[in-house]
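Take a look at the structure below.
The values are calculated or read from the model by the stated rules, or taken from the named source; none is laboratory data. Predicted model, so just to flag it, every value in this text is computed and none were measured. Quick reminder, even Gly has a Cβ in these numbers, built from the backbone with ideal geometry, and neighbours come from all protein chains shown.
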Amino acid sequence: MTTRNIFLILALILTPLVVYNIFIQHNLNINIILFLLLVIGWYDYFQIRYSILRDYPVIGHIRYILRDISPELHQYFVESNTNGTPFSKNIINLVNKRADDNEEFHPFGTEKDLYAKNYTYLGHAMFPVKKMEVTPRVVVGSTECKQPYSASLLNISAMSFGALSENAILALNKGAFLGGFYHNTGEGSLSEAHQKHGGDIVLQIGTGNFGFRNEDGTLNEDAFKEKSNLAQVKMIELKLSQGAKPGHGGVLPAKKNTQEIAKIRMVQAHTDVYSPPSNPSYNSYESMVKFIGRLRELSSCKPVGFKLSIGIKEDFITLMKTSIDKGILPDFITVDAAEGGTGAAPIEYSNNIGLRGEEALLFVNETLSALKIRDKIKIIYAGKIISGVTMYKAFCRGADICNSARGFMFSLGCIQALKCHTNTCPTGVATQNKELQEGLVPKQKSKRVEAYHRNTVDSFLEILAATGVNDIKDLTLDKLKHV
Ligand SMILES: Cc1cc2nc3c(=O)[nH]c(=O)nc-3n(C[C@H](O)[C@H](O)[C@H](O)COP(=O)(O)O)c2cc1C
Ligand code: SF4
């Protein structure tokens, strides 16, 4: 039984007793303390702003009290504000402030060690330019594409319904709708939760073809055709690999594979669901490229691209040369960083396999330029994009569009408890437990998703102006200064 339900039972028993003791018997003593705790508890139970307090009435406040005094505790006992991993407290606080539309000023000066090795900075201009009034968008879709898509500079990276809860998907999609950016489904396919609010969708096909699969795991063309032709679906992304677990595929633990999720994925409920390391629909460069062409035909020529983490560089070069030979180029390539996130992955893969994001992005940009196809393909980048500065750096290294997964998770209320694979996520973000999900109220969190996006893009545009740049196209490597 969850803490929320335990509170409900206790409160239903204690409230009439305490009220009777105080107001009829005029017996204050302990009753007055119980009364105050009950008032706080009932308030926590019904409020929709804080997930933790809804799921843990009264005792949830301990977390907030600890958080409030953590700078003091921190100073003496634990890590600094800047060296927490994967994301530091300063960064998580920044997302929370942006998601709450709060001021985000930091007092007293930087806590970062500016004298650390490999320090990179951006050069501000002597005469900063005016901040752009209209936020630019990026059109994806080559000549082959009959339904080009105009994308935001920052979007929600792939995270499946399965890895994330239904309420998280509802909040993300509504946020995307409110802010005019896209929401990538991840490999778990398209659910009703993705469609309820009408936010733009990038439909991902994972190596397991979940949602559009035949019994043998290959692509079920009819099912794919039906979903990819929905008006809400703007682009198609074939996932070749993911930075946190390249060459591994993935697993949806049985605990999270509910009846509903199994139906959407076209798999058996309550079993561990493995996605294979590679899609069984192809087994060579040529057949992979033809598969991309087939996806384009089936989706009535919407933009089609693929996502990968760079491993053996020659493999990527061969893939692109085959694409050129066959005359089937992807409309976009999403580069995922080895330091990228996941719902669940073997730690050896996350720690050791795949190229780091910065180098991977540079490599893909340079390869496409060397092959003279850079102008035909948009590069999307995902890898710890969380702020205006991280966007700026990614554009300098060759990205046209940025995706963020964990940034948007923080905007949903994620506290980096690192339990995403256990189905016990305390904030309702990464759990299929309906009771824990009650803490995450989509209506309220969608506003945070939208605000986080808006304020982050705004911060990027401000930094652009501060560095004297009028056009994102002018962001090149020389804008990143090294000491
Ligand atoms: C909970 C979670 C689930 C994810 N699921 C998918 C997925 O289904 N497909 C995929 O291509 N990437 C998936 N990813 C990877 C992200 O889309 C993204 O590429 C990666 O986390 C890097 O972005 P970040 O640093 O902003 O988190 C997932 C990441 C997280 C954190
Ligand atoms: S709060 Fe913890 S378990 Fe939940 S999504 Fe965030 S990191 Fe994962």
(message) Looking at Glu450 and the list (1) more than 20 Å from Cys402 (Cα to Cα); (2) surrounded by 20 or more Cβ atoms within 10 Å (Cβ to Cβ); (3) within 19 Å of the chain's Cα centre (by Cα), which single condition is not satisfied?
(response) (1)
(request) Run down Lys117, Lys97 and say which single residue is surrounded by 12 or more Cβ atoms within 10 Å (Cβ to Cβ) and of a type in the set (D, E, K, R). (result) Lys97
(request) Could you tell me whether Tyr381 is in a strand (DSSP E or B), away from ligand 2 (no atom under 16 Å from the Cβ), under 22 Å from the mean Cα position of the chain (by Cα) and in contact (Cβ under 8 Å) with a residue 40 or more places away in the chain? (result) yes
(message) Scan the range 161-175 and tell me whether some residue there is away from ligand 2 (no atom under 16 Å from the Cβ) and over 28 Å from Gly398 (Cβ atoms).
(response) yes
(message) Need a quick list: helices (runs of 4 or more DSSP H) entirely within the range 406-483 having at least 3 residues that are polar (S, T, N, Q) and within 23 Å of Asn90 (Cβ to Cβ).
(response) 442-466
(request) Please indicate, with yes or no, whether at least one residue in the range 311-318 is more than 22 Å from Thr390 (Cβ to Cβ) and either surrounded by 19 or more Cβ atoms within 10 Å (Cβ to Cβ) or within 13 Å of ligand 1 (Cβ to nearest atom) (or both). (result) yes
(message) Anything in the range 212-271 that is touching a residue at least 60 places away in the same chain (Cβ under 8 Å) and among the basic types (Lys, Arg)? List them, or say none.
(response) Lys225, Lys234, Lys239, Lys245, Lys255, Lys256, Arg265
(request) Determine, yes or no, whether Pro330 is at pLDDT below 95 and either within 14 Å of ligand 1 (Cβ to nearest atom) or farther than 30 Å from Cys414 by Cα (or both). (result) no
(message) I'm checking my understanding of the structure. Among residues of the range 391-405 that are part of a loop (DSSP other than H, G, I, E, B) and over 16 Å from the mean Cα position of the chain (by Cα), which one is surrounded by the most Cβ atoms within 10 Å (Cβ to Cβ)?
(response) Ala399
(request) From Thr422, Thr427, grab the single residue that is more than 12 Å from ligand 1 (Cβ to nearest atom), assigned by TED's automatic domain parsing to the domain that holds Gly186, buried (at least 23 other Cβ atoms within 10 Å of the Cβ) and among the polar types (S, T, N, Q). (result) Thr427
